[in-house]
Each structure stands twice: as C-alpha cells, then as structure tokens.
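One structure below.
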Amino acid sequence: WSRDGRAIAYFGSFSDTSWLYVFSLGTHKTRVLKSKAGRSSKPTWSPDGKRIAVMEDGGPFGMIRQASIEVASVATNTWTPVTRPRRNRLDTDPAWSPDGTTIAFARQDHGPQTIYLVRPDGSALHRLTMGRSPSWSPDGKSIAYSLGNAVYVINDDGAGQRLVVRAL
C-alpha cells in the first residue's frame, strides 16, 4: 500500500522477468514500472508516495547470486541504483525511514546478514548491526529487525540494542 492508501505496489514474474506494478484504487488502472534488469521484487513505498524501493535481482534466472537495491520514480519510471550489484552479495528487504531520508536494508556478503543504512541516492552507506528484515519505528528513531529466532530493536545510530521477543 502507498502511505495515502491510494495505490498498491506489487511484482509479477513472467518467465525470467519480474516487473513492478502499481495499481491505482481510484482509477482501477495498473502501471508497469520496468527496470533495466527486469527482476524487481520486495517493493516498499517512500513516505511521500513518489518512489518505490525494490530488490533488483542481477544473477542468472532462478539462481539469485547478486541483488541490489534500486529506487523507481512512480511518475517517470526512472530508476536509480542505491547499492551496486556485486557477485555473491545480496542486498534485500529495503525499508524507508518515515522521513524518506534513509533506506534500511539487509546485506549478505560472505557471512551472516547485516543491516545497513543508506540514503536513497546511494550515499552515506554504513553498517548498523547483524540481522535481517528491518522495519522502522513510526518516529524514525529506531529499527526492529530479526536475528536468529528473535526480534530486536536498535536506535538508528546503532546504540541501544535490546531484545523484544524470542521465538517460542
């Protein structure tokens, strides 16, 4: 869902292609947003509803060996790389901060998954903590994430890590 509730973003796979679709609940029309590689998944809306961050699979079809984060403009279908693809590195699970200035994502690069923060233009990339599936708090000051069989919360500056719940 877009934050204003007017549209839904989803991906559809056909043969070796996955495109991003935006369905307008007002007009009942669907727009297709096509990246260069054509392997988009895990869409997440920017807070202003103008952009969508996705995971872009860059490996051979059916064998994800590299994945990066890209941002698509809903109005112009212009795509901006946020992270650069690299063999055997997977950047997944993009999540926008509530103010739209930062994207949290999980990276797996020869070891356990790690949460990183980056600006939507690809600048200011930095490691936050080990984990996956980041999700911002409504005030944008902390991030919940999974690590092992537990859920933790950490401040956006990397301080204050705390266990929220352990799996049963």
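One table, with the values for the structure above:
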read-out: Subset of region 72-88 that is of a type outside the set (S, T, N, Q) and crowded, with 18+ Cβ neighbours inside 10 Å - its residue that is nearest to Ala124 (Cα to Cα); value: Val82
read-out: Those residues of region 72-103 which are more than 16 Å from Ser46 (Cβ to Cβ) and either touching a helix residue (DSSP H, G or I) at 6+ places or on another chain (Cβ under 9 Å) or acidic (Asp, Glu) (or both), in sequence order; value: Asp91
read-out: Residues of region 33-47 satisfying the condition of being closer than 23 Å to Arg84 by Cα and either at pLDDT 75 or above or open to solvent by less than 20 Å² (accessible area, probe 1.4 Å) (or both); value: Leu33, Ser35, Gly38, Ser40, Ser41, Lys42, Pro43, Thr44, Trp45, Ser46
read-out: Qualifying residues in region 48-71 (those that are assigned to a strand (DSSP E or B) and at pLDDT below 90) - the one surrounded by the fewest Cβ atoms within 10 Å (Cβ to Cβ); value: Gln66
read-out: In region 113-127, the residues that are under 16 Å from Asp99 (Cα atoms) and of a type in the set (Val, Ile, Thr); value: Val118
read-out: Residue list for region 128-168, restricted to those being closer than 15 Å to Thr101 by Cα and not aromatic (Phe, Trp, Tyr); value: Ser135, Ser137, Pro138, Asp139, Gly140, Lys141, Ser142, Ile143, Asp156, Asp157
read-out: Qualifying residues in region 157-168 (those that are in contact with a strand residue (DSSP E or B) (Cβ under 8 Å, 6 or more places away or on another chain) and loosely packed, with under 13 Cβ neighbours inside 10 Å) - the one modelled with the lowest pLDDT; value: Ala167
read-out: Number of positions in region 105-155 that are aromatic (Phe, Trp, Tyr) and closer than 20 Å to Leu90 by Cα; value: 3
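The values are calculated or read from the model by the stated rules, or taken from the named source; none is laboratory data. As the structure is a computational prediction, the values presented were derived from the model and not from experiment. Ideal geometry is used to build each Cβ from the backbone, glycine not excepted, and the neighbour counts take in all protein chains shown. Accessible surface is based on the protein model in full, side chains and every heavy atom, while ligands, DNA and RNA are left aside. Shrake-Rupley method; radii C 1.70, N 1.55, O 1.52, S 1.80 Å.
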